[in-house]
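Here's the structure, in structure tokens; my notes come after.
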Amino acid sequence: MENVTLTTPRLTLRTMAPTHAAGLAAFFRRNEARLRPWDPPRPNGIVEASFWEAEAARAAADYRDGAVVRWLMFGPDTPDRIVGRVNYTQIVRGPFQSCMLGYAIDGEFEGRGLMHEALQATLRHVFESLQLHRVQAN
């Protein structure tokens with residue numbers, strides 16, 4: 001599968017790629033304390049671009065293999081700044097056609113309905129293009 005870009009009235013959503021490493025590190029630096037209570041234990045280096053270079057390369061390979069889809073959210077006034085993430089992981093094929101959903105938004109952009117907008121667009125892609133039948137939020 002190739003990288004995909006979705007657009008909504010206020011967002012551009014892109015599948016994660018190695019070119020996003022610095023932006024991902026910055027997202028986690030800005031939001032580390034705010035997200036910590038809800039996230040699993042964080043690996044060492046999560047606020048470093050080198051960590052995200054490897055993670056993004058793995059995410060791109062997982063996407064090509066059909067196992068994971070990791071979306072990054074960019075706002076219209078912040079085209080180079082990651083303002084959120086939407087992850088569809090643990091994709092199971094066969095009769096189940098299911099996956100798990102996880103998401104996070106930058107604290108500065110909370111309360112604006114951007115995550116709702118991102119989920120509408122990415123869920124449409126997951127159900128229509130990837131032809132999954134079930135998404136479980138965790």
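The values are calculated or read from the model by the stated rules, or taken from the named source; none is laboratory data. Values in this document were obtained by computation on a predicted structure and should not be read as measured data. So basically every Cβ, Gly included, is an ideal-geometry build from the backbone, and we count neighbours across all protein chains shown. Only protein heavy atoms, including side chains, enter the accessible area calculation; ligands, DNA and RNA are left aside. Shrake-Rupley method; radii C 1.70, N 1.55, O 1.52, S 1.80 Å.
Under the combined filter of DSSP loop state and at most 16 neighbouring Cβ atoms within 10 Å, the stretch 31-106 retains these chymotrypsin sites (Phe, Trp or Tyr not before Pro): W38, F96.
Quote the Stokes-Einstein diffusion coefficient, in whole µm² s⁻¹, for the stretch 27-79, based on the Kirkwood radius over alpha carbon pairs, a temperature of 25 °C and a viscosity of 0.890 mPa s. D = 190 µm²/s.
Mean-square fluctuations from a GNM of the chain, with a 10 angstrom spring cutoff on Cα atoms, peak among R112, R93, R30 at R112.
Charge dipole (Cα centre; +1 on Lys/Arg Cβ, -1 on Asp/Glu Cβ; no other charges) of the chain amounts to roughly 240 debye.
Rounded to the nearest 500, the 222 nm mean residue ellipticity of the chain from helices alone is -11000 deg cm²/dmol, with -39,500 (n - 2.57) taken per DSSP H run of at least 4 residues.
Taking DSSP loops as anything outside H, G, I, E and B, show the longest stretch in the chain free of GluC sites (Glu not before Pro) there with at most 15 other beta carbons within 10 Å.
Values: sites that count: E2, E48, E110.
Result for the longest clean stretch: 49-109.
Ordering N3, Q136, P76 by Cα displacement along the dipole of the chain toward the positive end leaves Q136 in first place; charges were set at the Cβ atoms of Lys, Arg (+1) and Asp, Glu (-1).
Give me the accessible area per residue for the chain, probe 1.4 Å, as a whole number in Å².
Numbers: 7430 Å² over 138 residues.
Counting only protein heavy atoms, the per-residue value for the chain is 54 Å².
Working note: Karplus 6.51/-1.76/1.60 with θ = phi - 60° gives the stretch 53-70 the couplings 4, 5, 5, 5, 5, 5, 4, 5, 5, 4, 5, 4, 7, x, 9, 8, 10, 10 Hz, where Gly and Pro are set to x. With Cα atoms defining each centre, the stretch 52-118 and the stretch 14-40 are spaced 11 Å apart in the structure. Across the chain, the mean sequence separation of Cα contacts (distance under 8 Å, 6 or more residues apart), normalised by length, yields a relative contact order of 24 percent.
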